[in-house]
1. Could you tell me whether any residue of segment 99-108 is buried (at least 16 other Cβ atoms within 10 Å of the Cβ) and without any contact (Cβ under 8 Å) to a residue 40 or more places away in the chain?
2. What's the number of the only condition in (1) assigned to a helix (DSSP H, G or I); (2) at pLDDT below 85; (3) under 19 Å from the mean Cα position of the chain (by Cα) that T7 fails to meet?
3. If I ask for residues that are in contact with a His (Cβ under 9 Å, 6 or more places away or on another chain) and either assigned to a helix (DSSP H, G or I) or aliphatic (A, V, I, L, M) (or both), which ones from segment 106-125 would you list?
Amino acid sequence: MKLTTQTLATLALAAALATPALAAESHADHDHSTPQGMAQHMQMMQGASAASGSHQAEGLVRKIDLAAGKITLRHAATADMAAMTMVYHVRDKALLDGIKAGDTVQFSAEKIDGADTVTAIARKP
């Protein structure tokens, strides 16, 4: 029994240590600057959302405040939120490149330092 417990503990530790390396490797193989790369990124984000408290939604861009790093989105209902219009912080202002008011977007957001923050965004065709 002791050997089994030690083996399981060793396997659990190895899995925990390997997870960030595997995530970095799988994330490095696509380009966020292309629609296909962004779509792949959004699929990966959907898989991680339950664990991280993030959510994904489709939304309509109402306003962008690039200087403040904020975007106003009218989004569809998510698993944990009703449809509404919200002002989000943006993790990186570069995410807003090519996005303008009136665009329909797919986005991921999570709470960062207490603020709803867009972590990924892509225009929908």
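1. yes
2. T7 satisfies all of (1) assigned to a helix (DSSP H, G or I); (2) at pLDDT below 85; (3) under 19 Å from the mean Cα position of the chain (by Cα) except (3).
3. If the condition is that a residue be in contact with a His (Cβ under 9 Å, 6 or more places away or on another chain) and either assigned to a helix (DSSP H, G or I) or aliphatic (A, V, I, L, M) (or both), then A109, I112, A115, V118, A120, A122 are the ones that fit.
The values are calculated or read from the model by the stated rules, or taken from the named source; none is laboratory data. Note that this is a predicted model, so its numbers are computed, not measured. Every residue, glycine as well, gets a Cβ built from its backbone with ideal geometry; the counts of neighbours run over all protein chains shown.
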